[in-house]
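Participant: Okay, handing you the structure first.
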Amino acid sequence: MIRRRTRCITAASATVLSLAGAPDAEGQVLSRTVLTRAELQARGVHRVSQIAQWVGGWSSTVEGIAWNASFDGIMAGAEPARGLPPVEIVIDGQRMDLDLLGGLLLDTAPVAIQQVDSVVITPGPVLAGGAMASRGEVRLYTRTVTQGPRAEGWARFGSETGDPGPYQFTPLTTPNVDRIGLDLAALAGYGTGGWNAEVAVRSLEQSVTDPRLIQRFNTKELQAYTTVSGPSVKLGVEALGGRHTLLWGQSRQDGFVYLFGRGRMERLTLGHAHLGASGTFSGPGPTSVVYHASRTGRTVLPDSIGSVQARGTLRHERRFSNGSVEVLRPIGSWTASVALDVNERAVRPVSSGGWRGRAHVALQGEASRATESSRGSFAVSMVRGEGGATAGRLTSVAEWRPQAAQTFAGRVSVWQQLPEESSAWIDRWVRGDTLSPSLPRRSFARGELGFRRALTPGTAVEVAGTYGYMRSGPSDSARTAAGDLRGGRLGFRAAAHADPSPRLHVRVSYESVAPFHASEDMHDAMRSLPHQRLDGSVLYAPVENLRLSLLVLLQGASTGSPLGNPAVPDSDATPAMRRVDLSMEKWFWRRHVRAQLIGANIFNSPERYHRFGAQFDRRMILGAAVTLP
Amino acid sequence: MPGRSVGQRCLCLIVISTATAVSLLQGQSAEPFSTLELSVSATGDLGHDPLHRHWRPEPGVAVRMTTPFYLGLASLAVHRMPYTPVQPDQLDLGALTATLEWNAARRISGWLEGRAGVQVGHSTFKFHTQQERTFILEESELLSGVQVALLLGRASGWNLSLSAAHQRVYTSTPIRLIVASISAGYLVSTPSWLRTILE
């Protein structure tokens, strides 16, 4: 006889079900995708920016350098997304400021991908450390050297097919095509149980020579390399009942980058610096405190080396200061938290010399409850005070414009559990949020019905259907547009994973979305991303020192214009993608050396992530990593 | 694979599936990395491709290192193949190819062994000129291929082999090469230090 237990959970966790990657532990309300270090390696992720390809949802890039992850179905640069914050990037609890006009320059983050231990993706609005990440969050956790000295080095090189080869001096010659790398990174560190120190340095290089880009953006330099390099330092210490991390990093990016907000490529020099501290400590009694404080600075200047045609015009300095404190206290079976987040963002146009800035204070209240069969969180009431100030070069006159807005997010969940020997649940939730009127006004609501069932230990399937409604006020640049952008979105997602043995891991996820009663602009913006996506992976280690991987990424075509520009011809539509990758990893010398050979897009299917973007053809990448001792 | 004929696809499929099936059915006879076979080959390019309308292939040389893998045999090979121009205004061309190969092996009799497998690698084409350099003199591209070989000799010591490989270089105008080789090889036990590294 099937015994059913039904529980009602009211939860404030502003998250959605993540159906890509590994489904969550049973009963976890915050449904998230976790990519482990092993999965990152097997997928051939050799730059932080490449995480964007595998986070689920829809990722877009034009040149392979600036990426954008879009969990809400609206591509960066599209009108409904203008003025909205990007997907939040958090490294070791510290918020990053890696956005440049809608594109995330993830490679300028103050860590190398080889330092990353795991990636946790929350593909929907989430309250984190007192701040609202309304378009989702990607959280990176770095590894820590804990046992004496350690030195590591990595090298990576790859090449796309389609070069002219020996025909370059014959009538059969064609333009050169992209190459990947040489990417180099090194790390030296020392750690004990109580503290650790690491110094890392990296140098990444990638060519942007796709004929499509050259023709469209008039970048006539055939050897258009974009480089990223810089050092980083990480210090960690165990104290006050918790762990504390100090992270410093500096990077410089030279070369072409696509600016989603402007719809063009520019050759720029970017300087990026980050200094931050984060950690936890025990408060009185069972209270614990999570904190972080960071400051990021960025300088963007036109590249002084580039040709006049390709040189950029974007120039500014930007700084981002952010601090948050979150206090958590268990009360019975509940955990209550209150958080305070303060941030200041300032931009100084280099030409005028003035600064403009904005600061906000947010208060967050949250309580969560965990029982044997369920876990959830409840209640969000958020009041945000916000002000803007400008300072002229000579007068230093500041103008303070206080504003206030309320943000609400809630989740209602009904949980049913089948007999003890199996696991299944049905979850229904609805949430909504409004953001500050100082931003383009945006309201959003979504309902989702999900089901997951564990078939055997290590095997589970999950399906969910969603309906979302978005209403977005026009940005300043489009005040003349007729009314608000509004529209519904229907979605269906399914995922399955199976780990029949420690040596074999299989994952597959499918997602489909479609506009539903949307205004014309909103409909067009939604059509600029594919409507269907399937992501599958098989990782098989037949012996201890060998791992074989098969990765499949299928995506439907997309036809809409992300910029709302009807002049863009449909012939520029992004074709359907059928990408298949094979990877072989072999460890040598008692696992001190790891060599990897990747054949990416082995069937040479059209692989493009943006309708204006480069086509990434069949390519082979060879990498090696050395770890001592 | 665009541009590849049905016949070539069938050839690849037959070689790969046969090799894999033989390996799986036969199992692994030698311990991984227990022996090392070093061989030197004289090679010839027998292909008829657009490349051969511009350059005439000359005899080449290849060196190869082969060791038992967890399944089948793994090899690392370097192949040097010079080309002379058909037209006098063309530059001399040299091709240097590095390949990683996997083969299934089956001993047919005490003296005869058959091998078949696949390879992936990287071809570098280098132009030779005495003139002042005003352009890129080196071009490189990925390649893949299949190969079969007949090996004459005991399971240890010297051996002689005949082999043929069909390679495809993924340049914008694909290059298809048919490389025939005659090789002399010598099989030794893998030195312990090298085996430590390989394992």
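Participant: Return yes when B:T84 is surrounded by 15 or more Cβ atoms within 10 Å (Cβ to Cβ) and either of a type in the set (F, W, Y) or away from chain A (no Cβ under 11 Å) (or both) and no when it is not.
Facilitator: no
Participant: Before we move on, is A:G181 over 30 Å from B:R56 (Cβ atoms) and either of a type in the set (F, W, Y) or away from every other protein chain (no Cβ under 14 Å) (or both)? Break it down into steps so the answer makes sense when it comes.
Facilitator: Values: over 30 Å from B:R56 (Cβ atoms): yes; either of a type in the set (F, W, Y) or away from every other protein chain (no Cβ under 14 Å) (or both): no.
No: the conditions fail for A:G181.
Participant: Let me ask another. Scanning for something touching a His at 6+ places or on another chain (Cβ under 6 Å) and under 22 Å from B:T190 (Cα atoms), does segment B:63-82 turn up at least one residue?
Facilitator: Checked segment B:63-82: no residue is touching a His at 6+ places or on another chain (Cβ under 6 Å) and under 22 Å from B:T190 (Cα atoms).
Participant: Looking at segment A:597-614 only, could you name the residues that are within 13 Å of chain B (Cβ to nearest Cβ) and not hydroxyl-bearing (S, T, Y)? Break it down stepwise before answering.
Facilitator: Here is the first cut: in segment A:597-614, the ones within 13 Å of chain B (Cβ to nearest Cβ) are A:597-606.
Selection gives A:L597, A:I598, A:G599, A:A600, A:N601, A:I602, A:F603, A:N604, A:P606.
Participant: Can you tell me how many residues within segment A:569-618 are polar (S, T, N, Q), surrounded by fewer than 21 Cβ atoms within 10 Å (Cβ to Cβ) and free of Cβ contacts under 8 Å to residues at least 24 places away in the same chain?
Facilitator: Selection size over segment A:569-618: 1.
Participant: Name the residue, out of B:A184, B:A155, that is out of contact with any His (no Cβ under 7 Å at 6 or more places or on another chain), more than 14 Å from chain A (Cβ to nearest Cβ) and assigned to a strand (DSSP E or B).
Facilitator: Every option except B:A184 fails the conditions.
Participant: Tell me, yes or no, whether segment B:164-176 has at least one residue that is more than 14 Å from chain A (Cβ to nearest Cβ), touching a residue at least 24 places away in the same chain (Cβ under 8 Å) and farther than 25 Å from A:G162 by Cα.
Facilitator: Within segment B:164-176, not a single residue is more than 14 Å from chain A (Cβ to nearest Cβ), touching a residue at least 24 places away in the same chain (Cβ under 8 Å) and farther than 25 Å from A:G162 by Cα.
Participant: Also, I was wondering about something else. So which residues in segment A:579-596 are within 13 Å of chain B (Cβ to nearest Cβ) and farther than 30 Å from A:P149 by Cβ, if there are any at all?
Facilitator: Within segment A:579-596, A:V580, A:L582, A:S583, A:M584 qualify.
Participant: Next question, about the same structure. Can you name every residue in segment A:231-243 that is farther than 14 Å from A:G191 by Cα and either in a strand (DSSP E or B) or in contact with a helix residue (DSSP H, G or I) (Cβ under 6 Å, 6 or more places away or on another chain) (or both)?
Facilitator: Once the filter is applied, which keeps residues that are farther than 14 Å from A:G191 by Cα and either in a strand (DSSP E or B) or in contact with a helix residue (DSSP H, G or I) (Cβ under 6 Å, 6 or more places away or on another chain) (or both), segment A:231-243 yields A:P231, A:S232, A:A239, A:G242.
Participant: Would you please list the contacts, defined by Cβ atoms under 9 Å and residues six or more apart or on different chains, that run from a residue in segment B:76-90 that is under 13 Å from A:Y167 (Cα atoms) to a residue that is of a type in the set (S, T, Y) and part of a strand (DSSP E or B)?
Facilitator: Every condition considered, the pairs that remain are B:Q90/B:T84.
Participant: Quick one: in segment B:41-60, which of the residues that are more than 12 Å from chain A (Cβ to nearest Cβ) and aliphatic (A, V, I, L, M) is farthest from the chain's Cα centre (by Cα)? Before the answer, list the steps.
Facilitator: Going through segment B:41-60, the residues more than 12 Å from chain A (Cβ to nearest Cβ) turn out to be B:41-48, B:56, B:58-60.
Now narrow it down to the ones that are aliphatic (A, V, I, L, M): B:42, B:46.
Numbers: B:A42: 12, B:L46: 14 Å.
If we take residues in segment B:41-60 being more than 12 Å from chain A (Cβ to nearest Cβ) and aliphatic (A, V, I, L, M), then B:L46 is farthest from the chain's Cα centre (by Cα).
Participant: State whether the residues of segment B:115-138 include one that is farther than 24 Å from A:P166 by Cβ, more than 15 Å from the chain's Cα centre (by Cα), surrounded by 14 or more Cβ atoms within 10 Å (Cβ to Cβ) and away from chain A (no Cβ under 14 Å).
Facilitator: At the first step, the residues of segment B:115-138 found to be farther than 24 Å from A:P166 by Cβ are B:115-117.
Remaining after also requiring more than 15 Å from the chain's Cα centre (by Cα): none.
No: segment B:115-138 contains no residue that is farther than 24 Å from A:P166 by Cβ, more than 15 Å from the chain's Cα centre (by Cα), surrounded by 14 or more Cβ atoms within 10 Å (Cβ to Cβ) and away from chain A (no Cβ under 14 Å).
Participant: Here are some conditions: (1) without any contact (Cβ under 8 Å) to a residue 60 or more places away in the chain; (2) within 14 Å of another protein chain (Cβ to nearest Cβ). B:V63 meets all but one. Which one does it not meet?
Facilitator: (2)
Participant: Now for a separate question. If you scan segment A:57-76, which residues turn out to be on the phi < 0 side of the Ramachandran plot, of a type outside the set (D, E, K, R) and not in a strand (DSSP E or B)?
Facilitator: Within segment A:57-76, A:V62, A:I65, A:A66, A:F71, A:I74, A:M75, A:A76 qualify.
Participant: Go through (1) crowded, with 18+ Cβ neighbours inside 10 Å; (2) over 26 Å from B:Y83 (Cα atoms) for B:L112 and report which single condition fails.
Facilitator: Only one criterion in (1) crowded, with 18+ Cβ neighbours inside 10 Å; (2) over 26 Å from B:Y83 (Cα atoms) is unmet by B:L112, namely (1).
Read-outs: derived from the displayed coordinates by stated rules, not from any lab. In this text the structure is predicted, and so the values were computed from the model without any measurement. Reconstructed Cβ throughout: ideal geometry from the backbone, glycine too, with neighbour counts over all protein chains shown.
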